[in-house]
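To start, the structure under review is shown below, and the notes come after it.
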Amino acid sequence: MPTQPFVHMPLPTRVVFGAGSLSTLAAELDRLDVWRALVLCTPGQTALAGKVADLLGDRHVGVFPGAVMHVPIEVAREARALAARLNADCAIAIGGGSTIGLGKAIALESPLPIVAIPTTYAGSEMTPIYGITTAGEKQTGRTMQVLPRTVLYDPALTLALPVSISMVSGLNAIAHCVEALYATDATPITSLMAEEGIRALSLGLPRVKDRADDIDARGDCLYGAWLAGSVLGSCAVALHHKLCHTLGGMLNLPHAETHAIILPHAVQYNASAAPEAMARIARALQADDAAGGLHRLAIQLGAPLALRDLGVRREDLPRVADQALRAPYPNPAPLTREGILRLLEHAFEGAAPH
Ligand code: NAD
């Protein structure tokens, strides 16, 4: 039973889940009463976007294949202009967080509903958070206007996600769940979802590693990713996300890999300050302790373990620590420069968390 008072506000996205759910797209557009869809994708996913366009026939008015990581403002402007020129009344974002982020950038300026069809485990589709990069600086914000109206989760669309990307993307999703468990605004419902998300991902990812086309395992991972995105959309994030945003922004590191490396160390940092969250993480992982369990999972999945393998230099660490302390997110354990630097040094070496 909950011991603390809480406020829970579920977000109103309609979720259609299951292998083959892409085939419900036209019916979902009927529900939204939209007729002129603009399809968004990355340059690498044009074939998939073409399949969506074929599925929609006259109902699609164009494909914008220019989504790239971190939504540069120039790309957002180009996509907005195309949506306006084509008089699009809906954006269909098929792809990972970069493509869904582009959909959000369009919706920020015009009230188009977004239909998101995620093909990674990043979770952006379930959040009202957007990010746009101007002159190398990413600015994020939160508004319900960018929250996708409908999300189609079709595990069949993730079969082509390369195993190495699947592993780090899944660990990124686990990170959302982990921080939701010790968030200042966690509720009994978000905690249930977060624990279940860690369980589903930690069971699914090793099976995907063994067999990339295991549709059941892919389904478990995507289910976990849905839960992870949902709690990311509802709960505040803490030190782990702050460090990843800081490292990503300052050193231009790859998003999911950075999450995979930092997570066990950020959890270790918070271990004694958030014992209940730690117990739930360990239980979901079927491990003796949360940080050690996450480290062993990363090893099992063949994920990168060390910041130095991403090209970080040891001398970068002090300024990353300073920057992370400049506008810190609320965190269970008190934030000290010395403690954060130690955490970063462990992550730099890829050592077991301690
Ligand atoms: P991504 O969208 O950049 O995709 C990575 C690469 O994988 C791309 O080249 C893409 O074309 C390819 N790809 C995607 N799905 C594939 C598939 N099924 N098969 C083959 N290739 C595929 O990466 P991501 O990790 O999904 O998203 C990262 C971005 O999302 C970051 O910018 C991050 O900040 C953002 N994000 C935002 C939120 C939010 O709530 N706003 C949440 C999570 C992530």
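The table below gives the values:
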{"quantity": "Test for Val75: is it over 23 Å from the mean Cα position of the chain (by Cα), within 16 Å of the ligand (Cβ to nearest atom), surrounded by fewer than 24 Cβ atoms within 10 Å (Cβ to Cβ) and without any contact (Cβ under 8 Å) to a residue 40 or more places away in the chain", "calculated": "no"}
{"quantity": "Test: residue in region 30-40 that is closer than 29 Å to Ile198 by Cα and under 19 Å from the mean Cα position of the chain (by Cα)", "calculated": "no"}
{"quantity": "Whichever residue in region 185-200 is among the hydrophobic types (A, V, I, L, M, F, W, C) and open to solvent by 50 Å² or more (accessible area, probe 1.4 Å) and, among such residues, is nearest to the ligand (Cβ to nearest atom)", "calculated": "Ile189"}
{"quantity": "Subset tally (residues that are over 28 Å from Asp220 (Cβ atoms), touching a strand residue (DSSP E or B) at 6+ places or on another chain (Cβ under 8 Å) and among the acidic types (Asp, Glu)) for region 127-164", "calculated": "0"}
{"quantity": "Residue list for region 201-218, filter: open to solvent by 10 Å² or more (accessible area, probe 1.4 Å) and either within 11 Å of the ligand (Cβ to nearest atom) or not charged (D, E, K, R) (or both)", "calculated": "Ser202, Leu203, Pro206, Ala212, Ile215"}
{"quantity": "Of all residues in region 108-149 being in contact with a helix residue (DSSP H, G or I) (Cβ under 8 Å, 6 or more places away or on another chain) and charged (D, E, K, R), the one that is least open to solvent (accessible area, probe 1.4 Å)", "calculated": "Glu125"}
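Okay, residues lined up against (1) within 19 Å of Leu157 (Cα to Cα); (2) open to solvent by less than 40 Å² (accessible area, probe 1.4 Å); (3) without any contact (Cβ under 8 Å) to a residue 40 or more places away in the chain:
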{"position": "Thr13", "(1), (2), (3)": "no, yes, no"}
{"position": "Val16", "(1), (2), (3)": "yes, yes, no"}
{"position": "Ser21", "(1), (2), (3)": "yes, yes, no"}
{"position": "Glu28", "(1), (2), (3)": "yes, yes, no"}
{"position": "Leu40", "(1), (2), (3)": "yes, yes, no"}
{"position": "Asp54", "(1), (2), (3)": "yes, no, yes"}
{"position": "Val63", "(1), (2), (3)": "yes, no, yes"}
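The values are calculated or read from the model by the stated rules, or taken from the named source; none is laboratory data. These numbers were taken from a predicted model, which means no experiment stands behind them. Glycine gets a Cβ as well: all are built from the backbone with ideal geometry, and neighbour counts include every protein chain shown. When the accessible area is computed, the model is the full protein with side chains, heavy atoms only, and any ligands, DNA or RNA have been set aside. Shrake-Rupley method; radii C 1.70, N 1.55, O 1.52, S 1.80 Å.
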